[in-house]
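The values are calculated or read from the model by the stated rules, or taken from the named source; none is laboratory data. If you're wondering where the values come from, they're calculated on a predicted model, not measured in any experiment. Cβ: placed from backbone, ideal geometry, glycine included. Neighbour counts: every protein chain shown.
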Amino acid sequence: MLEALVEKDGISSRSIAEKINMPDRTVRYALKILKSRDLVIMKIILGDTRKRIYTVNREVLENDRKLYKSRL
């Protein structure tokens, strides 16, 4: 799922679900977990406050990658 977010920055949960062929509810749950770990940032669209787009927090992602590589 993170790969889908990295490929296209600022994407809706529905678009992610379609791209990775998973149920929308599962994607929203996974996004909630990623958001709680600061890996994903949620932005509310000002024109329609019901819609949300998600972007990868690249700074945190890079730090996690470096930490993972240092443990290998």
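Of all residues in segment 32-69, which are of a type in the set (Phe, Trp, Tyr) and either in a strand (DSSP E or B) or at pLDDT 85 or above (or both)?
Just the residues of segment 32-69 that are of a type in the set (Phe, Trp, Tyr), to begin with: 54, 68.
Within segment 32-69, Tyr54 is the sole residue that qualifies.
Show the residue pairs meeting these rules: Cβ distance below 7 Å; 6+ apart or different chains; first residue within segment 27-47 and within 10 Å of Ser13 (Cβ to Cβ); second residue not acidic (Asp, Glu) and not in a strand (DSSP E or B).
Val27/Met1; Val27/Ser13; Val27/Ile16; Val27/Ala17; Arg28/Ser13; Ala30/Met1; Leu31/Ser13; Met42/Lys35
Just checking, how many residues over segment 1-19 are among the aliphatic types (A, V, I, L, M), assigned to a helix (DSSP H, G or I) and surrounded by 14 or more Cβ atoms within 10 Å (Cβ to Cβ)?
The total comes to 4.
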